[in-house]
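The values are calculated or read from the model by the stated rules, or taken from the named source; none is laboratory data. Small disclaimer: the values here were computed from a predicted structure and weren't measured. In this analysis, Cβ positions are derived from the backbone assuming ideal geometry, glycine residues included, and neighbour counts consider all displayed protein chains. Surface areas here come from the heavy atoms of the whole protein model, side chains and all, with no ligands, DNA or RNA. Shrake-Rupley method; radii C 1.70, N 1.55, O 1.52, S 1.80 Å.
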Amino acid sequence: MIPLSRPVLGTEEATAIASVLETGRLVQGARVAEFEALIAERTGRRHAIAVCNGTAALRVALEALLIGPGDRVLVPDLTWPSPAHAVLDLHATPVLVDVDRHEWNISPSSLRSLPPPTLRGLRAAIVIDQFGLPARVRELQELLPDVPILVDAACSLGSHTGQEPCGGLGVIACLSFHPRKVVTTGEGGMCLTDDPELAECLRELRNHGQSSPGTFGRASGNYRLSDIAAAMGVVQLSRLSGMVEARTELAARYTSALEGLVQMQRPAAGARPNYQTFGVLLPEGRDREQALQALRALDIEAGKLSYALHTLPQFVSEAHEARELGQSFPNSIALAERGIALPLWPGLSTEDQSKVIDAVRAVVA
Ligand SMILES: Cc1ncc(COP(=O)(O)O)c(C=O)c1O
């Protein structure tokens, strides 16, 4: 089977983990601090706060921004549900909006085409660098000048907008280190910010609400990252540039081979994605399940690309509100119904990629 994704792991990760085990200090030790410092440097941020996964990063970030019951928080409709679940977790309301048909992120033009009441009274906006493709955060902030933007950069470590590295924008940006992401720690996440007060608050929120050992300023859970995971992350980060380079070459080959047959995500001019996920949109009328089965029959693991949140049962009242406001979701629906993620990871051989390309051509023909 040609897998959809495969982390790049070597003896260096094993050695780094073994050295943490030898110290006996497994939580919030030197490796977590080192990993945070390296990510902060890489993304041009003042503060990095490691947590146990990307969903936890979003959860504590929203809490640090004082999002609470009834608050309206913008969330792109096309996504893995984590950001909207984090909003619901705080009894706030996700305001679901369609994505741009070319970029598959929310964009200035996608926001401008919304019925105006949609954007009224927002307490925050979550902007996602979907599949690693940099969103236009600066332009979106100009359109929403009074709304704090939380960037969900779960997929985009190693991507670049052309002006700054992804993770570098937003009042807080959140990363994930799940094995499907370019840099993995097994499970892991991080919040990035330039604001010292938010950083302090995030550190308390990840650690039972403690401002110092035994001093509890607020109630919170345990969202800490282990030193074992961080040690792995430090090694993974040293591989990041090489992994992005390899992914970019593979993505370029898919793009030239499949141009005109399927639609692909299109970055803004100058943006350099990390190609965390390579998605294709099948032509209208094609049955995605049949296509996935045909690929599987050829030993190719391809997957459903993403989800249109307003169609999921947990967002039934948000979908109702959107309909009442006159919103529609043609792009997220098309991508959720006909989008496919193709195998892409640094070790994918030219021969295997050719098999995938031929199979997609056959499916579309
Ligand atoms: C856009 C986005 N945000 C958040 C997450 C959640 O990250 P994690 O799996 O580390 O909780 C994911 C995970 O796939 C994601 O794709």
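Condition check ((1) away from the ligand (no atom under 16 Å from the Cβ); (2) of a type outside the set (D, E, K, R); (3) open to solvent by 20 Å² or more (accessible area, probe 1.4 Å); (4) in contact (Cβ under 8 Å) with a residue 60 or more places away in the chain) across all residues:
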| position | (1), (2), (3), (4) |
| --- | --- |
| THR193 | yes, yes, no, yes |
| ASN207 | yes, yes, yes, yes |
| SER211 | yes, yes, yes, no |
| TYR223 | no, yes, yes, yes |
| SER226 | no, yes, yes, yes |
| ALA231 | yes, yes, no, yes |
| VAL234 | yes, yes, yes, yes |
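Condition check: among the charged types (D, E, K, R), open to solvent by less than 20 Å² (accessible area, probe 1.4 Å) and at negative phi. Does ASP77 satisfy that?
Values: among the charged types (D, E, K, R): yes; open to solvent by less than 20 Å² (accessible area, probe 1.4 Å): yes; at negative phi: yes.
So ASP77 passes the test.
Among the numbered criteria (1) in contact with a strand residue (DSSP E or B) (Cβ under 7 Å, 6 or more places away or on another chain); (2) open to solvent by 80 Å² or more (accessible area, probe 1.4 Å), which one does GLY279 miss?
Failing condition for GLY279: (2).
Given region 305-365, what helices (runs of 4 or more DSSP H) lie entirely inside it while holding 1 or more residues that are within 23 Å of the chain's Cα centre (by Cα) and surrounded by fewer than 21 Cβ atoms within 10 Å (Cβ to Cβ)?
Numbers: elements: 316-324, 330-338, 350-364.
Helices (runs of 4 or more DSSP H) meeting the threshold: 316-324, 330-338.
Tell me yes or no: at least one residue of region 266-282 is at positive phi and free of Cβ contacts under 8 Å to residues at least 12 places away in the same chain.
Of all residues in region 266-282, those at positive phi come to 270, 275.
In the following step, the residues that additionally are free of Cβ contacts under 8 Å to residues at least 12 places away in the same chain were identified as none.
Within region 266-282 (the criterion being at positive phi and free of Cβ contacts under 8 Å to residues at least 12 places away in the same chain), the answer is no, since none of the residues qualifies.
Scan the strands (runs of 3 or more DSSP E) fully inside region 165-284 and keep the ones with 1 or more residues being farther than 22 Å from ALA61 by Cα. Step through it out loud before you land on a result.
Details: elements: 172-176, 189-193, 210-212, 278-281.
Counting at least 1 such residues, we get 278-281.
Please tell me if GLN236 is more than 30 Å from ARG101 (Cα to Cα) and either at pLDDT 95 or above or out of contact with any Phe, Trp or Tyr (no Cβ under 6 Å at 6 or more places or on another chain) (or both). Write out each step before concluding.
Values: more than 30 Å from ARG101 (Cα to Cα): yes; either at pLDDT 95 or above or out of contact with any Phe, Trp or Tyr (no Cβ under 6 Å at 6 or more places or on another chain) (or both): yes.
It is true that GLN236 is more than 30 Å from ARG101 (Cα to Cα) and either at pLDDT 95 or above or out of contact with any Phe, Trp or Tyr (no Cβ under 6 Å at 6 or more places or on another chain) (or both).
What about ALA199, is it in contact (Cβ under 8 Å) with a residue 60 or more places away in the chain, small (Gly, Ala, Ser), surrounded by fewer than 24 Cβ atoms within 10 Å (Cβ to Cβ) and in contact with a strand residue (DSSP E or B) (Cβ under 7 Å, 6 or more places away or on another chain)? Lay out the reasoning, then the answer.
On the way: in contact (Cβ under 8 Å) with a residue 60 or more places away in the chain: yes; small (Gly, Ala, Ser): yes; surrounded by fewer than 24 Cβ atoms within 10 Å (Cβ to Cβ): yes; in contact with a strand residue (DSSP E or B) (Cβ under 7 Å, 6 or more places away or on another chain): yes.
So ALA199 passes the test.
Could you say which residue among ALA16, ALA48 is touching a residue at least 12 places away in the same chain (Cβ under 8 Å), among the hydrophobic types (A, V, I, L, M, F, W, C) and under 11 Å from ILE228 (Cα atoms)?
On the way: ALA48 fails: under 11 Å from ILE228 (Cα atoms).
It is ALA16.
Looking only at region 161-182, which residues are under 12 Å from the mean Cα position of the chain (by Cα) and more than 9 Å from the ligand (Cβ to nearest atom)? Before you say what the answer is, go through the steps one by one.
Of the residues in region 161-182, the ones under 12 Å from the mean Cα position of the chain (by Cα) are 166-167, 173-178, 180-182.
Those that are under 12 Å from the mean Cα position of the chain (by Cα) and more than 9 Å from the ligand (Cβ to nearest atom): CYS166, GLY167, ALA173, VAL182.
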